[in-house]
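K.L.:
Got a structure here, written out as structure tokens. Questions coming.
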């Protein structure tokens, strides 16, 4: 298995966890200010609210796990987004194995 693949997946999971933690803090702040849930959900998609941890919805951990035949494309997009070299050589079974190890 490619060490680069494992590194990318570990970094994506770590970034997603940081994103979710920051998102929860921002959400709570908005709710405390009296902004309604529905409006808060829309506001939380603004990348400008986050320090460095924002991820586009399709590159977030749950989306990647359910991406099916788009996995290769999304992992390479994630690598580019995170400024990591693209991964050229991996199989779906390799990715699934690493995901199980991470979770």
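K.L.:
Within region 88-103, count every residue that is in contact (Cβ under 8 Å) with a residue 60 or more places away in the chain and surrounded by 11 or more Cβ atoms within 10 Å (Cβ to Cβ).
P.N.:
7
K.L.:
Here's something else I'd like to know. When the residues of region 1-16 are narrowed to those that are touching a helix residue (DSSP H, G or I) at 6+ places or on another chain (Cβ under 8 Å) and outside any loop (DSSP other than H, G, I, E, B), which ends up surrounded by the fewest Cβ atoms within 10 Å (Cβ to Cβ)?
P.N.:
Step one: filter region 1-16 for residues touching a helix residue (DSSP H, G or I) at 6+ places or on another chain (Cβ under 8 Å), giving 1-2, 5-6, 8-10, 12-13, 16.
Remaining after also requiring outside any loop (DSSP other than H, G, I, E, B): 5-6, 8-10, 12-13, 16.
Values: 5: 20, 6: 18, 8: 23, 9: 23, 10: 13, 12: 24, 13: 16, 16: 18.
Among them, the one singled out is 10.
K.L.:
Same structure again: Going by the structure shown, is residue 41 modelled with pLDDT under 95, under 21 Å from residue 17 (Cβ atoms) and either in contact with a strand residue (DSSP E or B) (Cβ under 7 Å, 6 or more places away or on another chain) or surrounded by fewer than 16 Cβ atoms within 10 Å (Cβ to Cβ) (or both)? It would help to see each step written out before you state the result.
P.N.:
On the way: modelled with pLDDT under 95: yes; under 21 Å from residue 17 (Cβ atoms): yes; either in contact with a strand residue (DSSP E or B) (Cβ under 7 Å, 6 or more places away or on another chain) or surrounded by fewer than 16 Cβ atoms within 10 Å (Cβ to Cβ) (or both): yes.
Taking the combined requirement at face value, the residue satisfies it.
K.L.:
Within region 38-59, track down each residue that is part of a loop (DSSP other than H, G, I, E, B) and over 22 Å from residue 99 (Cβ atoms).
P.N.:
Filtering region 38-59 for residues part of a loop (DSSP other than H, G, I, E, B) gives 44-46, 50-56.
Those that are part of a loop (DSSP other than H, G, I, E, B) and over 22 Å from residue 99 (Cβ atoms): 44, 45, 46, 50, 51, 52.
K.L.:
Those residues that are within 11 Å of the chain's Cα centre (by Cα) and exposed (fewer than 15 other Cβ atoms within 10 Å of the Cβ), I need them from region 63-80; list them, please.
P.N.:
Result: 65, single match.
K.L.:
Something else: In this structure, is residue 35 surrounded by 13 or more Cβ atoms within 10 Å (Cβ to Cβ), in contact with a helix residue (DSSP H, G or I) (Cβ under 8 Å, 6 or more places away or on another chain), without any contact (Cβ under 8 Å) to a residue 60 or more places away in the chain and not in a helix (DSSP H, G or I)?
P.N.:
Working: surrounded by 13 or more Cβ atoms within 10 Å (Cβ to Cβ): yes; in contact with a helix residue (DSSP H, G or I) (Cβ under 8 Å, 6 or more places away or on another chain): yes; without any contact (Cβ under 8 Å) to a residue 60 or more places away in the chain: yes; not in a helix (DSSP H, G or I): yes.
Against the criterion (surrounded by 13 or more Cβ atoms within 10 Å (Cβ to Cβ), in contact with a helix residue (DSSP H, G or I) (Cβ under 8 Å, 6 or more places away or on another chain), without any contact (Cβ under 8 Å) to a residue 60 or more places away in the chain and not in a helix (DSSP H, G or I)), residue 35 qualifies.
The values are calculated or read from the model by the stated rules, or taken from the named source; none is laboratory data. Remember, predicted model here, so these are calculated numbers, not experimental data. Reconstructed Cβ throughout: ideal geometry from the backbone, glycine too, with neighbour counts over all protein chains shown.
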